[in-house]
Each structure stands twice: as structure tokens, then as C-alpha cells.
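Each value in this text was obtained by applying a stated rule to the coordinates, not by laboratory testing. Computed from a prediction, not measured in an experiment: that's the story for all the values here. Please note: Cβ atoms are built from the backbone with ideal geometry, for glycine as well, and neighbour counts cover all protein chains shown.
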Amino acid sequence: MGLYWEPCPGGARLLRLLGDTPCPAVPGTIEGLPVAELGPYCFADRPVRPGARRTGDDTHEITGNFVEEVTLPDTVRVLDSAAFYNCRRLRRLTAGTGELTMGSDVFLNCFALEDLVIRATPEQATGLFALVGSITEAVRALFWPVGEAAPRAGLWYPAYWEDIEETPAHILLHTFSGQGYHYRQCFLENKLLPAEYDAIFPQGHDADDASVMAMLCFDRLRWPWQLSDAARDAYRDFLKTNTGRVLTRLLKAQDTEGIKALLALDVMDADAFAEGAALAAKADNAEAAALLADAEHKKRAAAPQKKRYDFDF
């Protein structure tokens with residue numbers, strides 16, 4: 001791997017990575033200096049600024065539509081403006097435990113970005129508040145400490161839209177459509193506030209994408225970090241009538257473990273199993289179909305049997 005860089009306050013500013021992988025890991029140091037920043041247009045398909053220093057022999061730039069996943073080291077503290085501009089195939093960004101400062105339009109046109117993986121516990125102060133504040137589209141955050149087999153928590157942040165209207169008195173009024181903006185405010189000193197996050201759902205979500213809200217419920221139940229009984233019940237009630245939306249996403253992603261987790265929640269009735277079987281058949285996923293059939297069979301076997309009476313005369 002090669003790169004372009006320049007010194008900056010606190011260490012080195014990465015200007016461009018070079019190599020042949022669409023899923024690069026940004027190095028933690030460059031010539032002994034900690035990598036503290038991603039420079040402007042770092043992963044965008046734009047020329048590197050003149051005068052940048054270079055290391056390594058690679059010539060292929062890791063930019064634009066070539067980029068699929070990026071892993072940041074714990075040393076990074078700043079993501080400069082348009083760092084991922086037009087990375088339309090970027091689907092996952094992994095960040096460390098440090099807090100972050102964001103420039104403008106960092107993820108502009110990153111339409112495929114769905115997962116933000118944070119190598120920390122949900123109790124820690126992280127850069128998640130800054131990250132989700134820079135993304136208006138729906139995105140999921142996974143708190144996944146290093147070395148653990150599964151995330152500690154999964155939080156969805158639905159999309160939202162900001163409207164600006166000028167009144168006759170030339171006063172600008174800002175309004176927000178969708179609950180996504182409110183979910184993004186559930187932080188204090190860069191730490192997640194789970195009770196405030198969970199309190200938003202019962203307030204209503206008619207303006208939000210039902211598929212995203214179904215996934216929000218599923219992942220909150222799947223990894224129930226600091227989940228109250230009341231919040232659990234609200235999520236389960238919604239999930240019971242929207243399992244088909246969750247299965248559609250899981251089947252598309254070929255996420256067998258996710259399907260097992262959904263079945264383990266025991267939220268599917270006969271109609272939901274019938275819908276799931278049809279979805280699995282449409283996806284030509286025999287393994288998912290078998291899992292669904294087995295779960296339905298076990299549920300029926302465990303159900304109380306109606307008493308039967310025989311009358312002999």
C-alpha cells in the first residue's frame with residue numbers, strides 16, 4: 001500500500017490511499033507520526049493537492065466507486081470536508097473509540113452507506129454523534145468491541161429531511177420530516193442515551209420508512225443493551241406485524257444468522273410464517289426456508305393442544 005500525506009497538528013493528515021483493495025484499513029502511523037486526520041476529498045475521485053508527500057510504490061488510487069469499506073485507526077480525530085465525496089459503493093465505515101470532528105459534506109452521495117461499526121462499548125464516549133450527524137440517510141450503528149463475536153448494541157438512525165422556509169418577515173423556519181433528526185440527538189458528551197433513544201419510538205413513526213423502523217425494532221431486540229421492559233414490548237408489537245419487512249432485508253443480505261436471531265425472538269405467527277416461506281422461495285434460499293419450517297413446526301408442537309372428547313353410546 002502507498003499513500004499521500006502531509007503533517008498537521010497532532011500528527012499526519014492522510015490525503016490519499018494507494019493500493020488494490022476496495023476495503024482498506026487506514027494505517028495508524030505515517031513515518032512515526034499518528035494519523036490524526038483524513039484530508040479533504042481523501043477518498044474522492046479528485047486530484048491530490050500539489051506538494052503532498054508520498055510513500056510506497058502502489059499507483060492505483062483507492063477512491064470513488066472503487067471504495068466499499070474503510071477502517072479507521074483509533075488515532076483519527078478529524079474527517080475533513082468531502083472526505084468520502086461520491087463514494088457511491090461505500091457500505092461500511094469502521095471507527096475507533098476516539099471522538100471525532102467532522103467537516104462539511106463528508107459523506108455526500110454515499111448512497112450505499114448502511115453500517116457504522118464502532119470498536120467500543122455503548123457506554124463509551126465515541127465519534128458516533130458526529131458521524132450520524134453528518135448523514136441524513138438511514139444508517140445503522142453497531143457497537144462492536146475488538147475481539148467480541150457479536151455487537152453489544154445495534155442502533156438505527158432513520159432518514160430525515162430538513163425544510164427551510166422564509167416567512168414574509170424574512171425569518172427562516174427550519175422544519176424536519178421524519179424522526180431521524182430526533183434519534184440523532186440522543187447523546188450527552190458523545191455518549192449514547194438509550195432511554196431517550198427508545199422513548200422516541202412510541203411518539204410515532206408514520207413519516208418514516210416502515211422497513212427501517214422494523215429493522216430498528218429487530219436490532220434493538222436482538223442486542224437488548226439497557227432495554228427497558230416497556231420499550232421491549234413496544235418494539236415487539238411493531239415487529240410482530242412487520243416480520244416480512246425484516247426477512248426481506250435479511251434474505252437480500254443472505255444473513256442466515258440474522259434469520260436465526262429473528263426466529264429466536266418468537267414474534268412470528270402462522271401468517272408470518274406463511275409470508276416468510278413465500279419470501280424464502282422467491283429468494284431461492286433453501287436454508288432459510290428450512291429454518292422457517294423447522295421453527296414453525298416446533299412452535300406448533302409446543303402450543304397447548306385442545307382437549308378432545310369421545311362419546312361412546
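Is the shape of the stretch 222-313 best called rounded, prolate or oblate, per the rule: a/c under 1.5 gives rounded, else a/b larger than b/c gives prolate, else oblate, with a ≥ b ≥ c the square roots of the Cα gyration tensor eigenvalues? Taking the square roots of the gyration eigenvalues as a ≥ b ≥ c, the stretch 222-313 is oblate. Using the average count of surrounding beta-carbon atoms within 10 Å as a protection proxy, the listed peptides 208-218, 22-32 rank, highest first, as 208-218, 22-32.
Remark: the Ser81-Ala290 segment gains 70.4 nm on full extension, using 0.36 nm per residue and subtracting the alpha carbon distance. Estimated at 0.36 nm per residue, the fully extended path between His297 and Ser177 surpasses their Cα-Cα distance by 38.9 nm.
Each of Gln226 and Ala270 was given a label point 7 Å from its Cα along the Cα-to-Cβ line. The distance between the two points is 4.3 nm. Measuring between alpha carbons in the structure, the pairs from Lys191/Lys252; Lys191/Lys299; Lys240/Lys282; Lys191/Lys298 lying more than 30 angstrom apart are Lys191/Lys252; Lys191/Lys299; Lys191/Lys298. Based on DSSP H segments of at least four residues, each scored -39500 (n - 2.57), the chain has a per-residue ellipticity at 222 nm of -8500 deg cm²/dmol. Rounded to whole numbers, the Karplus 3J(HN,Hα) couplings from phi for the stretch 294-300 are 5, 5, 5, 4, 5, 5, 5 Hz, using 6.51 cos²θ - 1.76 cosθ + 1.60 with θ = phi - 60°, and x at Gly and Pro. Peptides 178-190, 33-45, 80-92 ranked from most to least packed give 33-45, 80-92, 178-190, packing being the mean of other C-beta atoms within 10 angstrom over each peptide's residues. Which residue, Thr71, Leu100, Tyr41, has the largest displacement toward the positive end of the dipole of the stretch 1-112 when charges sit on each Cβ (Lys, Arg +1; Asp, Glu -1)? Toward the positive end, the furthest listed residue is Tyr41. Take every DSSP beta bridge whose two residues both sit in the chain; close to 60 percent of them are antiparallel.
Where in the stretch 84-109 is the amide nitrogen less than 15 Å from a point lying 7 Å along the Cα-to-Cβ axis of Glu189? The answer is 99, whose backbone nitrogens lie closer than 15 Å to the label point.
Taken one residue at a time, the phi angles of the stretch 140-154 give Karplus couplings (6.51, -1.76, 1.60, θ = phi - 60°) of 10, 10, 10, 7, 9, x, 4, x, 8, 6, 8, x, 7, 7, x Hz. Gly and Pro are set to x. Measuring r between the beta carbons of Ala277 and Ala210 and using R0 = 22 Å, the FRET efficiency lands at 0.55. Taking amide H as placed 1.01 Å from N in the peptide plane, the amide H of Ser81 sits under 5 Å from that of Gly103, Ser104, each at least 5 places away or on another chain.
The angle between the Cα long axis of helix 229-240 and the main principal axis of the chain comes to about 80°, on a 0 to 90 degree scale. In this structure, the amide hydrogen of Thr71, modeled 1.01 Å from its nitrogen in the peptide plane, lies closer than 5 angstrom to those of Ala25, Val26, Thr94, counting only residues at least 5 positions away or on a different chain.
Note that the stretch 201-206 has calculated 3J(HN,Hα) couplings of 4, x, 6, x, 8, 5 Hz, one per residue in order, obtained from phi through the Karplus relation 6.51 cos²θ - 1.76 cosθ + 1.60 (θ = phi - 60°); glycine and proline are x.
Ranked by the mean number of other Cβ atoms within 10 Å of their residues, highest first, the peptides 266-279, 119-132, 51-64 fall in the order 119-132, 266-279, 51-64.
Dividing the alpha-carbon radius of gyration of the chain by the rule-of-thumb value 2.2 N^0.38 Å gives 1.20.
Proximity of backbone amide H atoms, modeled 1.01 Å from N, is registered between Leu90 and Ala112 at under 5 Å, excluding neighbours fewer than 5 places apart on the same chain. Contact order for the stretch 1-126, expressed relative to its length and based on alpha carbon pairs under 8 Å spaced 6+ residues apart, stands at 23 percent.
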